[in-house]
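Chemist: One structure, as structure tokens, below. Some questions next.
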């Protein structure tokens, strides 16, 4: 996928996140936002994997089949890490970067729905972009 196409996909995902946040507001569980965001993305005709397994590979050897699970994987390219926390902290961004590296994906969005204004809860994370 080209960089332009990946950026367009990220904009679509953010538009969907804004719709979900507008409808639900802050204060719910992460699982609720994740499920609703998946619905919005699929309404656009996008493929969405929920809790996508991310194996842990070290020095070329698979350590475990499912080391971690990405919250949402859109079009097999964009990783969305969903949070519903008081504030994002550096470990959340590091977690998303680890998912990007383990899965060899280039772009991820960290989205915290537990904020009054969603734009204040969004971080873009890149891996070799």
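We did not get these values from a lab; they are worked out from the coordinates using the rules stated. Since we're looking at a predicted model, the values are computed, not measured. Because the Cβ atoms are built from the backbone with ideal geometry, glycine has one as well, and the counts that use them run over all protein chains shown.
Chemist: Quick one: angle between helix 3-24 and the longest Cα principal axis of the chain, in degrees between 0 and 90, rounded to 10, please.
Modeler: 40 degrees
Chemist: Still on this structure, please answer the following. Given the C-alpha centroids of the range 70-129 and the range 27-54, what is the distance between them in whole angstrom?
Modeler: Distance between centres, Cα-based: 13 Å.
Chemist: If you don't mind, there's one more thing I want to ask. With an 8 Å Cα cut-off and a minimum separation of 6 or more residues, compute the relative contact order for the chain in percent.
Modeler: Details: 223 pairs, mean separation 28.7, N = 129.
With pairs under 8 Å counted, the relative contact order is 22 percent.
Chemist: Additional query: What residue among 16, 64, 54 shows peak mean-square fluctuation when the chain is described by a Gaussian network model with Cα springs under 10 Å?
Modeler: Maximum among the listed residues: 64.
Chemist: Which value in deg cm²/dmol, rounded to the nearest 500, describes the helix-derived mean residue ellipticity at 222 nm for the chain, given -39,500 (n - 2.57) per DSSP H run of n ≥ 4 and division by the residue count? Don't jump to the answer; show the numbers that get you there.
Modeler: Details: 3 runs with 50 residues, N = 129.
It lands at -13000 deg cm²/dmol.
Chemist: Let me ask another. With everything on Cα atoms, drop me the angle between helix 30-43 and the longest principal axis of the chain, reported from 0 to 90° to the nearest 10.
Modeler: Taking the Cα atoms of the chain, the angle to 30-43 is about 90 degrees.
Chemist: Over the chain, with a Gaussian network built from C-alpha contacts below 10 Å, which listed residue (30, 61, 75) shows the highest mean-square fluctuation?
Modeler: 61
Chemist: Let's test the formula: R0 of 30 Å, r as the Cβ-Cβ distance of residue 57 and residue 19. What FRET efficiency results, to the nearest 0.05? Spell out each step's value before the answer.
Modeler: Working: r = 36 Å, r/R0 = 1.20.
Efficiency at R0 = 30 Å is approximately 0.25.
Chemist: Which one is right for this structure if log10 I(q)/I(0) by the Debye sum over Cα atoms at q = 0.11, 0.12 Å⁻¹ is calculated from it: [x] -0.35, -0.42; [y] -0.41, -0.48; [z] -0.50, -0.58?
Modeler: Matching entry in [x] -0.35, -0.42; [y] -0.41, -0.48; [z] -0.50, -0.58: [x].
Chemist: Running a GNM on the chain with Cα contacts under 10 Å, which residue among 82, 50, 111 ends up with the highest mean-square fluctuation?
Modeler: 50
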